[in-house]
């Protein structure tokens, strides 16, 4: 028995151990099942179509928990102890949505609203202060996806915003024409900070482009006719660029190649702290070779640039920073009114640094601060007459801080201080050398109270500024009220706006007063499902516009220009299944005494009638976005050196774009501006006599073609 016992004991122990192991695994499995629970959902758009690649964030931790699949579905495995969780759903082309959900066996259906044009900012809610105080009866909002796929854009924010119904197209200058105002009357802000030089170099009669890459922006807004007291230095409109937050910047590397050059960006770090490095090279060499031009290009436009960005969200602090350098240059030949050959060479170096810092102090107080520095070194030859040369050195710095106080659930107050410093040097050489210089300290205080009660909202703001150069103090009150009842919206605004004279004025006569404008606007909107209609009326009264009393050098200037502009914008937007479209008509009339006009005339950059149509169609079976944009106006009136009016023919253009998503890591985008090759005249060169048809200005090339490839390297998907 002893022998049998000794033989059976190991087997008995083995069986016992195996039994214990099985019991342990069963207990562990049951514990695991009890310790975790699922949270399932499907993300859809308003038409019930699934939305893939939606990032699901834990709002408390600030981390991405999942990404929706091709059917818009996601599943989270959460601890059993977690009763509720607040999630944020982020997707390009849609408004970010936050929801507090309970884990369980039910499947949540989550609807995301498209980020499209809005009838008005009646309900304004946002994390960052520059969004809190934003209001206007007429505004346009665009996402990064809409910018990159816009037929007019060709990779430029400026080109995309030019499709906004309230903007007239100006290929002569390339910048925005809003409500009868000159291009310089619409200013660009980045994260609440005024960007003094937001545009690239351009050739004579050639269009400019924005220096900001649209991939760096989460949202772009254009406010026309009225905007918050938190912003100044613009008589007609404000273009707000909001850069990405840390949670929206994906780790990995992206590469793009196109006819215009190449771009590579790589992002490293953790979910809460990321560093992004970007190298970009733009060149119009291939474009100039492929498309005939009326210019002789000795050196095509080229621009290499480097930038480094920091994104951090730690312990409730939100920090963003950027450091960049870019160079731009080109050279070409042209003739003047005397048929004299002029050889133009231009070069521009820019250094830029920016930071913004924000924090929610408590449930009622939000604080934000930011600052940036830009230094520009420009060299140009033969800009006005033979054998001339210009050298500019422009240093600009700005600091801004603001705090928002939620006094009650329906009443809030935003106040802040804005300080900027500018040191500008210019040396102009033509037979003699003319050194010029000005330095200015500009201090502004602003405060704005906002009331939101049911369908009614109102804002009362005041901005006060002092310029050390002009020795001038200004007060700019601004009012806004809106009421939404059912499908209808009524909104009105009135504001007083001032803007410092341009640098070429301050260099000669710093004692002049700032141009100013009083702007009134009314709008009515109606929305029903996917369709909306908006009617907006505006009236603007100008005072203190700059006038050039002589064409000699240095010029004689005064600030006695006056005038008015008024108009109407009619806008209709709709969506039929996968087709979305916008139709608009604008009437704008202006009579201004400005620049070389001592009496009131219709500005040569303005057309009284303009119509636009924009269509986007998502062909799901082809994985393609097709865009079409059409522009038509009634022409304009130019003026020669003796101020004789010259009729400029009506202008039209048809732009086409195609975006093909090959895979989540590869996309192809192609576009063509003015695909029909229409010859459009955008002004008259005043150095020519009225009888000389060569004075009619046109763009160097009738068409502009863009073809680009976008790659995501590694496991990363394209952010577009």
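The values are calculated or read from the model by the stated rules, or taken from the named source; none is laboratory data. In this text the structure is predicted, and so the values were computed from the model without any measurement. Glycine also receives a Cβ, built like all others from the backbone with ideal geometry; neighbour counts cover every protein chain displayed.
Quick notes
- Segment 286-311 - residue that is surrounded by 17 or more Cβ atoms within 10 Å (Cβ to Cβ) and part of a helix (DSSP H, G or I) and, of those, nearest to the chain's Cα centre (by Cα): 287
- Candidate set: segment 681-709, residues that are assigned to a loop (DSSP other than H, G, I, E, B) and in contact with a helix residue (DSSP H, G or I) (Cβ under 6 Å, 6 or more places away or on another chain); chosen: the one surrounded by the most Cβ atoms within 10 Å (Cβ to Cβ): 688
- Test: residue 385 is in contact with a strand residue (DSSP E or B) (Cβ under 8 Å, 6 or more places away or on another chain), farther than 14 Å from residue 426 by Cβ and buried (at least 16 other Cβ atoms within 10 Å of the Cβ): no
- Test for residue 49: is it at pLDDT 70 or above, under 21 Å from residue 146 (Cα atoms), outside the structural domain of residue 314 (by TED's automatic domain parsing) and surrounded by fewer than 18 Cβ atoms within 10 Å (Cβ to Cβ): yes
- Summed over segment 343-359, residues that are in contact (Cβ under 8 Å) with a residue 60 or more places away in the chain and either closer than 30 Å to residue 409 by Cα or not assigned by TED's automatic domain parsing to the domain that holds residue 230 (or both) total 2.
- Residues that are free of Cβ contacts under 8 Å to residues at least 60 places away in the same chain and either surrounded by 15 or more Cβ atoms within 10 Å (Cβ to Cβ) or not assigned by TED's automatic domain parsing to the domain that holds residue 152 (or both), drawn from segment 625-640: 626, 630, 632, 635, 636, 637, 638, 639, 640
- Flag if residue 629 is part of a strand (DSSP E or B), touching a strand residue (DSSP E or B) at 6+ places or on another chain (Cβ under 9 Å) and at pLDDT 90 or above: yes
Here is a yes/no grid of residues against (1) out of contact with any helix residue (DSSP H, G or I) (no Cβ under 8 Å at 6 or more places or on another chain); (2) closer than 30 Å to residue 552 by Cα; (3) surrounded by 16 or more Cβ atoms within 10 Å (Cβ to Cβ); (4) at pLDDT 90 or above:
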position: 409; (1), (2), (3), (4): yes, no, no, no
position: 424; (1), (2), (3), (4): no, yes, yes, yes
position: 438; (1), (2), (3), (4): no, yes, yes, yes
position: 464; (1), (2), (3), (4): yes, no, yes, yes
position: 473; (1), (2), (3), (4): yes, no, no, yes
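- Of all the listed residues (583, 643), the sole one being under 21 Å from residue 545 (Cα atoms) and free of Cβ contacts under 8 Å to residues at least 60 places away in the same chain is 643.
- Residue pairs meeting the criteria (Cβ under 6 Å; at least 6 apart or on separate chains; first closer than 13 Å to residue 608 by Cα, in segment 165-177; second surrounded by fewer than 24 Cβ atoms within 10 Å (Cβ to Cβ) and modelled with pLDDT under 75): 177/170
- Count of segment 84-131 residues which are modelled with pLDDT under 50, within 16 Å of residue 218 (Cα to Cα) and buried (at least 21 other Cβ atoms within 10 Å of the Cβ): 2
- The requirement of being surrounded by fewer than 20 Cβ atoms within 10 Å (Cβ to Cβ) and under 23 Å from residue 334 (Cα atoms) is fulfilled nowhere in segment 653-676; no residue meets it.
- Hey, residue 501 part of a loop (DSSP other than H, G, I, E, B) and either more than 29 Å from the chain's Cα centre (by Cα) or more than 29 Å from residue 140 (Cα to Cα) (or both) or not: no
- Restricting segment 132-167 to residues that are in contact with a helix residue (DSSP H, G or I) (Cβ under 8 Å, 6 or more places away or on another chain) and within 30 Å of residue 317 (Cβ to Cβ), the residue that is modelled with the highest pLDDT: 157
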